[in-house]
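**Q** Let me begin by handing over the structure; questions about it come next.
The values are calculated or read from the model by the stated rules, or taken from the named source; none is laboratory data. The structure presented is a predicted model; accordingly, all values stated were derived computationally and were not measured. Cβ atoms come from the backbone with ideal geometry, glycine included; neighbour counts cover every protein chain shown.
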Amino acid sequence: MLELRNVEVRYGPVRAVKNISFVVKRDSITALLGANGSGKSSTLYAVAGTNTITEGQILYDSKRIDHLPAYERVRNGIVLCPESGQIFAQMTVLENLRAGAYSRRDSYTDELRMVFDLFPRLKERQKQLAGTLSGGERQMLAIARALMARPRFLMLDEPSMGLAPNLVSQIMKTIQRIRSLGVTVLLVEQNAFSALKISDYAYVLQTGKLVMEGKASEMLQDKRIIERYLGG
Ligand SMILES: Nc1ncnc2c1ncn2[C@@H]1O[C@H](COP(=O)(O)OP(=O)(O)O)[C@@H](O)[C@H]1O
Ligand SMILES: [Mg+2]
């Protein structure tokens with residue numbers, strides 16, 4: 001569904017992403033793993049269109065999208081749920097969700113039903129200010145807001161960051177449910193174990209380079225990979 005060919009991202013003289021190539025198959029959950037600063041977010045921003053690539057190509061449904069503005073990519077179903085959620089704290093849960101539906105001209109009743117079905121907690125709290133939610137609830141809201149744009153391809157940037165272990169596994173289960181609704185998922189995580197457990201395939205970034213790839217189930221069983229690339 002998505003293919004990166006030789007993609008480079010630079011910030012001035014800094015090469016954050018060094019000519020990486022990878023594919024994400026339709027209906028999969030694909031993990032992009034790596035330590036802090038390895039270029040994971042930069043890669044996602046390049047696909048979303050908020051970062052310009054300095055070399056290479058990005059293909060979606062076999063067509064080049066790297067020249068398209070970000071809003072066109074959203075219209076094509078490519079949606080990013082950014083790091084730390086970045087929800088609007090001064091707005092209510094419902095207002096945050098409405099903001100996520102901005103790209104759709106028609107009604108969003110179906111989307112609202114879908115996200116309230118996935119996150120009953122948000123339904124209960126729809127009139128509450130987002131800034132008063134707990135960490136786990138905020139992350140749920142961030143994912144729910146991304147879903148309001150009705151993605152076909154959803155990128156999640158470290159959805160488990162800062163969450164207690166029981167909430168992490170809850171978020172991972174939700175990601176599996178989202179995939180079962182027909183959404184292809186590219187999951188960025190530092191939390192390699194949790195991500196590999198729900199992923200089909202995984203890539204590992206190290207200082208901007210792809211250093212490792214394979215089936216998630218096989219990576220989980222390879223102690224050398226875990227020690228060498230995934231921090232323990
Ligand atoms: N806006 C920016 N300006 C300059 N350097 C940046 C910027 N954003 C990220 N970087 C650098 O690019 C590298 C990759 O960062 P990032 O993509 O955020 O990694 P990750 O998401 O894996 O933690 C890091 O060295 C980081 O300092
Ligand atoms: Mg990041």
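**Q** In the stretch 19-32, which residue that is away from ligand 2 (no atom under 16 Å from the Cβ) and over 16 Å from the mean Cα position of the chain (by Cα) is farthest from G100 (Cα to Cα)?
**A** It comes out as N19.
**Q** Additional query: From the list L97, L122, L133, L118, which one is closer than 23 Å to N166 by Cα, in contact with a Phe, Trp or Tyr (Cβ under 9 Å, 6 or more places away or on another chain), more than 16 Å from ligand 2 (Cβ to nearest atom) and not aromatic (F, W, Y)?
**A** Only one candidate qualifies: L122.
**Q** Could you identify the single residue in I65, I53 that is crowded, with 22+ Cβ neighbours inside 10 Å and of a type in the set (V, I, T)?
**A** I53
**Q** Quick check on L59: is it surrounded by 15 or more Cβ atoms within 10 Å (Cβ to Cβ) and over 24 Å from M161 (Cα atoms)?
**A** Yes: the conditions hold for L59.
**Q** Here's something else I'd like to know. Would you confirm, using the coordinates I've provided, whether R105 is assigned to a helix (DSSP H, G or I), away from ligand 2 (no atom under 16 Å from the Cβ) and either at pLDDT 95 or above or exposed (fewer than 15 other Cβ atoms within 10 Å of the Cβ) (or both)?
**A** no
**Q** In the stretch 191-232, which residue that is at pLDDT below 95 and of a type in the set (F, W, Y) is farthest from F22 (Cα to Cα)?
**A** Ranking the qualifying residues of the stretch 191-232, first place goes to F193.
**Q** Of all the residues that make up the stretch 162-213, how many are loosely packed, with under 15 Cβ neighbours inside 10 Å and of a type in the set (G, A, S)?
**A** Looking only at that region, the number is 4.
**Q** Moving on to the next point. Report yes if F153 is at pLDDT below 95 and under 30 Å from V14 (Cα atoms), otherwise no.
**A** no
**Q** If I ask for residues that are assigned to a strand (DSSP E or B) and either touching a residue at least 60 places away in the same chain (Cβ under 8 Å) or within 16 Å of ligand 2 (Cβ to nearest atom) (or both), which ones from the stretch 33-88 would you list?
**A** If the condition is that a residue be assigned to a strand (DSSP E or B) and either touching a residue at least 60 places away in the same chain (Cβ under 8 Å) or within 16 Å of ligand 2 (Cβ to nearest atom) (or both), then L33, Y60, I78, V79, L80, C81 are the ones that fit.
Listed here are the residues, each with its yes/no results for (1) more than 14 Å from ligand 1 (Cβ to nearest atom); (2) on the phi > 0 side of the Ramachandran plot; (3) small (G, A, S); (4) in contact with a Lys or Arg (Cβ under 6 Å, 6 or more places away or on another chain).
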| site | (1), (2), (3), (4) |
| --- | --- |
| L2 | yes, no, no, no |
| P13 | no, no, no, no |
| A35 | no, no, yes, no |
| L44 | no, no, no, no |
| A48 | no, no, yes, no |
| N51 | no, no, no, no |
| K63 | yes, no, no, no |
| D66 | yes, no, no, no |
| V93 | yes, no, no, yes |
